[in-house]
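Single-structure report; data block below.
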Amino acid sequence: MTDVLVSVPAIGRIVGLDLGQRRVGVAVSDSRQRLATAVTTIHRSNDREREHREIGQLVAEYEAAGVVVGLPLSLTGEVGPAARAALDEAAQLAAVVRVSVVTHDERFTTVSAASALRAGGRTTKQQRGVVDRVAAAVMLQSWIERRMGGDDERPA
């Protein structure tokens, strides 16, 4: 991660991504960047270019002003192998989506999403199809709230 600040416009939808090994959860904010909503899941294949084109299409469809990629830091906050992979993929995405791409700490988002789904009565099996997009929404909402608090964002 670099220390150079990147500007994500304060107005316009933001796409949030939870990059998993099997699925990519996708969420989107409203145009005023106040509320994140889970929207879809992209199933991973061995074709990263196709996946990135699909994400690019979603960015265009939602007329997104930026993309926030979840960064799976270790429990101690360090960049481990999973976070390095997310940073690499975020950099690749930046070339495809042509809007600012930043990362945001996503620790515990999947756990929070699964807990919320369980509280809503969904079994573990029923969660599989939606937990990634809900985790993306939890992460994006966290980014929104942090940004509203004036904290800096970091580029991908």
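The values are calculated or read from the model by the stated rules, or taken from the named source; none is laboratory data. Not measured: the values here are computed from a predicted model. Virtual Cβ from ideal backbone geometry, glycine too; neighbours counted across all protein chains shown.
Structure values in brief
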read-out	value
Subset of the stretch 82-93 [buried (at least 19 other Cβ atoms within 10 Å of the Cβ) and closer than 15 Å to R53 by Cβ]	E89, L93
Residue satisfying all of: in the stretch 66-98; under 14 Å from the mean Cα position of the chain (by Cα) and assigned to a loop (DSSP other than H, G, I, E, B); nearest to L17 (Cα to Cα) among these	P72
When residues of the stretch 61-81 are limited to those that are within 21 Å of R44 (Cβ to Cβ) and surrounded by fewer than 15 Cβ atoms within 10 Å (Cβ to Cβ), the one modelled with the highest pLDDT	E61
Enumeration of residues in the stretch 82-91 that are over 18 Å from T41 (Cα atoms) and either small (G, A, S) or in contact (Cβ under 8 Å) with a residue 12 or more places away in the chain (or both)	A82, A83, A85, L87, A91
Neighbours by Cβ (under 7 Å, 6+ apart or cross-chain): first from the stretch 122-138, part of a helix (DSSP H, G or I) and modelled with pLDDT of 80 or more; second aromatic (F, W, Y) and surrounded by 13 or more Cβ atoms within 10 Å (Cβ to Cβ)	none
Long-range neighbours under 8 Å by Cβ, at least six apart or interchain, first residue more than 18 Å from Y62 (Cα to Cα) within the stretch 92-109, second part of a loop (DSSP other than H, G, I, E, B) and modelled with pLDDT of 90 or more	E106/P72; R107/P72
Pairs with Cβ under 7 Å, 6+ apart, first in the stretch 39-60 and under 14 Å from E89 (Cα atoms), second surrounded by fewer than 12 Cβ atoms within 10 Å (Cβ to Cβ) and of a type in the set (S, T, Y)	E51/S45
